[in-house]
Amino acid sequence: TGGGGQGDLVRTETHMNLNENLTWTKGQHLIQAGFQLPDWSRRGFYDRTNVGGTFYFSGLDTYAAGRPYAFIQQQGNGDLALLEKQVGTYIKDDWQLRPGLSLGLGVRYDWQNYFHDDNNVAPRVSVAYAPGNQKTNVLRAGVGAFNDRSGPVVIADVLHSQPGGLTRIVVENPGYPNPFASASAAAGQPPSIVRLAPDVQIPQTVQYSVGLDHQLQKLTTLSVTYTGARGYHLFRSRDVNAP
């Protein structure tokens with residue numbers, strides 16, 4: 001489906017991470033709080049791929065006849081450097097209600113730049129119960145929300161599409177070997193644009209689990225756990241101009 005490599009692409013990464021965690025014990029409560037920079041990085045995307053263009057043929061017969069169905073070429077300024085910022089903070093309380101019964105309550109907040117979705121609060125709750133006096137069985141259950149991150153590639157695609165950046169041209173039924181020989185191609189083709197949807201949201205996953213721990217011997221425990229997850233607002237990329 002393509003010609004030569006034309007794979008002139010350089011990516012650079014410079015990262016900084018920071019984690020600060022505090023623990024406070026008071027009575028039956030173990031409170032933990034923290035502030036995190038999961039990733040604060042400078043990303044470089046120096047893209048000069050496919051500057052010569054690529055013809056696409058449906059098969060060997062159309063290739064032999066010189067009838068490509070598409071020509072794709074990338075031009076413009078492929079030099080891009082962006083600062084990716086990710087921030088997170090949380091607080092959690094492990095509460096010993098009574099011997100054999102504990103409750104965990106927590107909430108986390110995550111934020112990353114280039115997205116206008118700031119409502120990324122993720123609550124979590126868990127419970128552990130050990131019935132009887134021997135405490136050989138422990139029932140555990142929990143449910144919580146977890147925020148995802150986009151990664152730098154989708155952000156780079158959006159920034160590359162801004163004016164003064166890269167231009168990706170798709171010509172259907174081009175001339176061959178001159179793709180712009182046809183009248184429609186010579187008149188100019190609209191460039192491809194990558195952008196975030198105006199209502200884009202950070203994906204969130206709700207995870208839940210229930211399990212049983214049974215102590216067989218002093219140093220041997222058998223655990224059976226069921227875990228499930230359901231995702232919301234998951235990322236997807238689609239071509240709105242696709243036929």
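The values are calculated or read from the model by the stated rules, or taken from the named source; none is laboratory data. In this text the structure is predicted, and so the values were computed from the model without any measurement. Note that we place each Cβ from the backbone using ideal geometry, even for glycine, and neighbour counts take in every protein chain shown. Surface accessibility is based on the protein's heavy atoms, side chains included, excluding ligands, DNA and RNA. Shrake-Rupley method; radii C 1.70, N 1.55, O 1.52, S 1.80 Å.
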| Which of the residues that make up the range 24-47 are in contact with a Gly (Cβ under 9 Å, 6 or more places away or on another chain) and not aliphatic (A, V, I, L, M)? | GLN32, GLY34, PHE35, GLN36, PRO38, PHE45, TYR46, ASP47
| request: Evaluate the range 67-82: report whether one residue or more is within 30 Å of GLN204 (Cβ to Cβ) and in contact with a His (Cβ under 7 Å, 6 or more places away or on another chain). | output: yes
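Hand me the list of strands (runs of 3 or more DSSP E) wholly inside the range 1-60 holding 2 or more residues that are surrounded by 14 or more Cβ atoms within 10 Å (Cβ to Cβ) and without any contact (Cβ under 8 Å) to a residue 60 or more places away in the chain.
Values: elements: 9-26, 29-47, 54-56.
Correct list: 29-47, 54-56.
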| task | Filter the range 218-237 down to residues that are over 29 Å from the mean Cα position of the chain (by Cα) and in a strand (DSSP E or B) and give me whichever is farthest from TRP111 (Cα to Cα). | result | THR220
| Taking ARG168 and the conditions (1) at pLDDT 90 or above; (2) part of a strand (DSSP E or B); (3) open to solvent by 70 Å² or more (accessible area, probe 1.4 Å), which numbered condition does it fall short on, given that it satisfies the others? | (1)
| Which numbered condition GLN162 misses (of (1) at pLDDT 90 or above; (2) part of a loop (DSSP other than H, G, I, E, B); (3) exposed (fewer than 12 other Cβ atoms within 10 Å of the Cβ)) | (3)
| said: For the range 216-243, which positions are in contact (Cβ under 8 Å) with a residue 60 or more places away in the chain and loosely packed, with under 10 Cβ neighbours inside 10 Å? | reply: SER237
| Residues within the range 61-80 that are under 29 Å from SER150 (Cα atoms) and assigned to a strand (DSSP E or B), tallied | 7
| request: Being crowded, with 17+ Cβ neighbours inside 10 Å and either of a type in the set (Gly, Ala, Ser) or over 26 Å from TYR208 (Cα atoms) (or both) is the filter here, so list the residues in the range 143-156 that pass it. | output: GLY144, SER150, PRO152, ILE155, ALA156
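Which is surrounded by 17 or more Cβ atoms within 10 Å (Cβ to Cβ), over 25 Å from SER223 (Cβ atoms) and not hydroxyl-bearing (Ser, Thr, Tyr), of ILE91, ILE72? Spell out how you get there, then give the answer.
Numbers: ILE91 fails: surrounded by 17 or more Cβ atoms within 10 Å (Cβ to Cβ).
So the residue among ILE91, ILE72 that is surrounded by 17 or more Cβ atoms within 10 Å (Cβ to Cβ), over 25 Å from SER223 (Cβ atoms) and not hydroxyl-bearing (Ser, Thr, Tyr) is ILE72.
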| query | Taking the condition of a type in the set (Gly, Ala, Ser), on the phi < 0 side of the Ramachandran plot, buried (at least 16 other Cβ atoms within 10 Å of the Cβ) and free of Cβ contacts under 8 Å to residues at least 40 places away in the same chain, does GLY175 pass? | reply | yes
| Filtered residues of the range 99-137 (kept if open to solvent by 50 Å² or more (accessible area, probe 1.4 Å) and in contact with a helix residue (DSSP H, G or I) (Cβ under 9 Å, 6 or more places away or on another chain)) | TYR114
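On the basis of being within 32 Å of the chain's Cα centre (by Cα) and polar (S, T, N, Q), does GLN215 make the cut? Don't jump to the end; show me each part of the working.
Details: within 32 Å of the chain's Cα centre (by Cα): no; polar (S, T, N, Q): yes.
No, not satisfied.
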